[in-house]
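The values are calculated or read from the model by the stated rules, or taken from the named source; none is laboratory data. All of these numbers come straight from a predicted model, not from anything done at the bench. Cβ atoms come from the backbone with ideal geometry, glycine included; neighbour counts cover every protein chain shown. To get the accessible areas, we keep the full protein, side chains included, count just its heavy atoms, and leave off ligands, DNA and RNA. Shrake-Rupley method; radii C 1.70, N 1.55, O 1.52, S 1.80 Å.
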Amino acid sequence: MVSTIPAVIIAGGVFQLMATGALTFLKEAYLGLPIMSQIAIVAIFFSVIRLSMEICNFADHDFDHDHDHEPPKTIEYPVDDISKADNDKDKFLAIYPMLRHEMLAHMEANEMPKEAVDWCRTMMDYTVPGGKLNRGVTVVAVHRTLVKANEGRDLTDIEVARASVLGWAIEFLQAFFLVADDVMDASKTRRGQPCWYKLPNVKNIAINDSFLLESYVFTMLKQHFGKEEYYLQLLELFLQVIQQTEFGQLLDLTSQDEGSEEIDLTRFTLERYQKIVKYKTAFYTFYLPVAIGMITSRVEEGPTYDLAKKICCQMGEYFQIQDDYLDCFGDPEVIGKVGTDIQDNKCSWLVVQALDRVTPEQRAVLEANYGQWDDQKVANVKALYKELDLVKVFQTYEEDSFKIIQTELDKVTTMPRDVFELLLKKIYKRSK
């Protein structure tokens, strides 16, 4: 609005000069000056215009903030709670109440009524902080490792707080993916409790709730890092990883023809499986936490990021294969959910390995029982897996994969190898 003032002044001034004949006089006087004087006057004229534009832009900025729902303010992190916490997970958890409050305040500032705000408070508490939090805590650990290597010191409480915000951005992203995924897969439990959409008062509202969880990611990024020089890089990273994960989900969901009642196991190939794992799991579970730490630690773009991505994708494949194994053979009380990959007709590592080993008779058993919500048929598939000794196949894969990753780690020279070692230690031979 303010930026229109110079144009109005100029138009009014020109009209007045034309009406009095002064414009002609000024023109003749200007043309009668030496050329260097003419140039000096033009330079002064354009400098005044430029200055007026800058003043108006500044005024516009202030004007906009006067009408902004959320004027800029200094963020007060709970540094006392962080300082008192004994470990990274507790320090990380100390940030969640602050972020929840900020997201709810953002809703209130956008005219959301109390019932909507209360709904989202309950929804966030149910879907976001109940997991292992490995992805979020990893952001803090990666940042600490890089700061120790580059500056020879530990993180300050403020640095822990800001790294934790980015970690919670991943946890909110994780909650978005899981809430939506549970609806698409018709899952029953998540993290030892009924899936959010399974609650009687939620149902399909969970779909919109998943969108809200995703939107909170970008709200907190802007509020906490909008003025940082690396903000755009962070933004692009999150957008890219979200899209990559959705590509992976697409490959997963379309591994069978939804319009057909027949099970088509020919789509379950190792190549398809590896693409699903890379895009659906590896990028956001492993590469995203590492890349965030690299960005905030000012690691320059280039080959270092490429190698980090390669190693993280290898870890991601290993991690997902563990997940597939635990879905079938893990204890639901330990892993926090009842595995349903067999019933859901999932393109899992186990079924891919089985198809590579079955006799024609065993394949017929698999085709007759896989992808059906029948306890006896699920038991038949698991019995076939045991007959094919897939537990031993998994254990061999686990050891081989660990060695391959270690070989790749030997190539890391431009950043601390510890960044990747800490990830590998968390997942090697895990039970949940």
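Descending by average beta-carbon neighbour count within 10 Å, the peptides 339-346, 105-112 line up as 339-346, 105-112, the highest first. Using the Cβ-Cβ distance between residue 89 and residue 309 with R0 set to 25 Å, the FRET efficiency works out to roughly 0.45. The figure for residue 278 is an accessible area of roughly 80 square angstrom, using a 1.4 Å probe on the protein chains alone.
Above 29 angstrom, tally the Cα pairs of segment 229-431 and express them as a % of all pairs, no decimals.
Percent of Cα pairs beyond 29 Å in segment 229-431: 31.
With N as its number of residues, segment 241-361 has a Cα radius of gyration that, divided by 2.2 N^0.38 Å, comes to 1.22. Overall dimensions of segment 78-227, expressed as equivalent-ellipsoid semi-axes from the Cα gyration tensor (√(5λ), whole Å, largest first), are 29, 18, 13. Once C-alpha pairs closer than 8 Å and six or more residues apart are averaged by separation and normalised to the residue number of segment 78-227, the relative contact order reads 25 percent.
Remark: the residue 150-residue 118 segment gains 7.1 nm on full extension, using 0.36 nm per residue and subtracting the alpha carbon distance.
The stretch between residue 125 and residue 105 holds 5.6 nm of extra length on full extension. This uses 0.36 nm per residue minus the Cα-Cα distance. Separation of segment 108-133 and segment 304-341, taken as the distance between their Cα centroids, equals 28 angstrom.
Checking the cross-link pairs 310/429; 346/425; 114/203; 91/198; 386/432 against a 23 Å limit on the alpha carbon distance flags 346/425; 91/198 as lying beyond it.
The heavy atoms of residue 178 offer some 30 square angstrom of accessible surface to a 1.4 angstrom probe.
Would you check the accessible area of residue 250, probe 1.4 Å, heavy atoms only, in square angstrom rounded to 10? The value for residue 250 is about 100 Å². Note on exposure: 356, 264 ranked by accessible area (1.4 Å probe, complete protein assembly) read 356, 264, with the most exposed listed first.
Volume per residue of the convex hull around the Cα atoms, evaluated for segment 194-280, comes out as 136 Å³.
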